[in-house]
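Read-outs: derived from the displayed coordinates by stated rules, not from any lab. Because the structure is predicted, anything quoted here is derived from the model rather than measured. With ideal geometry, Cβ positions are generated from the backbone for all residues, glycine too; neighbour counts draw on all protein chains shown.
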Amino acid sequence: MARLGVNVDHVATLRQARGTDYPDPVRAAEISVKLGVSCVTVHLREDRRHIQDVDVRRIRAIRGCRLNLEMAPAEEMIQIAFKTRPDQVTLVPERREELTTEGGLDVSAKPEFFKILNKRFRGKGIPVSLFVDPETAQIEASAQTGAEAVELNTAEYSEAKTKKDSAVALAKVKKAARLAKSLGLAVHAGHGLNYDNVGPVAAIKILEELNIGHSVVSRAVFDGFAPSVREMMRLIKSAGKGKR
């Protein structure tokens, strides 16, 4: 059954909008840990548009926190990860012009690069997850790199405009999850999941973790952070009791 990983990036987005010291993403991380989430996820972008280096260090210091550091496969970020020693790094593609991550890594285009990179992280005792689109070529290439996990990009499912498109996209996620599992990878998923669409994805038994942030932080504006996390956890748990 999948568990919730809370991404606190957009707590920092609110803070950075006014250059204040609040709201504090570290406080959001502390609340999440107390509620029993699978992990706290932060994306330290090269342009530092929301999460800052000090946030990563402070969240890493939270007792009992499993830190998932999202990062571009760039040398600056690699060195930060080596110093911070997160419990996991999730490698994602990154363009400074994008509003949010636009797609998965093209692992199949340069498998040797990711294989070498994974060896570097493994040498530091840091597990690697690769954020990829739910495509056979990307899953197979990811397995060949020696990575511990993949995070399946659910953007196509989340952004579907019709029930038919949604069903087709969900089927791709299921197929990719089965393939990844058969190749020995832990399987996570995320991107664009919210309170209305998370159920069918959470019902996929193979998935171990769902990383969700924007919708949780958005709901928290009206309902509070802890209640918003609890409700997402409830939806995931409820969906996980079904058979898919």
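Things to note:
- Within the stretch 186-207, the set of residues being of a type outside the set (Gly, Ala, Ser), surrounded by fewer than 20 Cβ atoms within 10 Å (Cβ to Cβ) and under 17 Å from Gly104 (Cβ atoms) is empty.
- Qualifying residue in the stretch 213-228 (condition: touching a strand residue (DSSP E or B) at 6+ places or on another chain (Cβ under 6 Å), more than 13 Å from Val11 (Cβ to Cβ) and surrounded by 19 or more Cβ atoms within 10 Å (Cβ to Cβ)): no
Yes/no per residue for (1) over 24 Å from Ala189 (Cβ atoms); (2) out of contact with any His (no Cβ under 9 Å at 6 or more places or on another chain):
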residue: His10; (1), (2): no, no
residue: Thr13; (1), (2): no, no
residue: Gly19; (1), (2): yes, yes
residue: Ile59; (1), (2): no, yes
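- Taken over the stretch 108-144, the residue count meeting the criterion of being part of a helix (DSSP H, G or I) and touching a residue at least 40 places away in the same chain (Cβ under 8 Å) is 10.
- Applying the set (1) free of Cβ contacts under 8 Å to residues at least 60 places away in the same chain; (2) touching a Ser or Thr at 6+ places or on another chain (Cβ under 9 Å) to Asn68 leaves exactly one unmet item: (1).
- Taken over the stretch 27-48, the criterion of being of a type in the set (D, E, K, R) and closer than 20 Å to Gln79 by Cβ is satisfied by Arg45, Glu46, Asp47, Arg48.
- Residue, nearest to His43 (Cα to Cα), within the stretch 1-20, restricted to residues that are among the polar types (S, T, N, Q) and touching a residue at least 12 places away in the same chain (Cβ under 8 Å): Asn7
- If you go through the stretch 43-56 and keep only what is out of contact with any helix residue (DSSP H, G or I) (no Cβ under 6 Å at 6 or more places or on another chain) and either in contact (Cβ under 8 Å) with a residue 12 or more places away in the chain or under 12 Å from Leu69 (Cα atoms) (or both), you end up with Arg45, Glu46, Asp47, Arg49, Gln52, Asp53.
- Tally of residues being part of a helix (DSSP H, G or I) and either surrounded by 16 or more Cβ atoms within 10 Å (Cβ to Cβ) or of a type in the set (Phe, Trp, Tyr) (or both) across the stretch 145-165: 5
- Residue count, the stretch 27-55 (criterion: of a type in the set (A, V, I, L, M), crowded, with 22+ Cβ neighbours inside 10 Å and in a helix (DSSP H, G or I)): 2
- Ile236 satisfies every condition listed in (1) surrounded by fewer than 19 Cβ atoms within 10 Å (Cβ to Cβ); (2) not in a loop (DSSP other than H, G, I, E, B) except (1).
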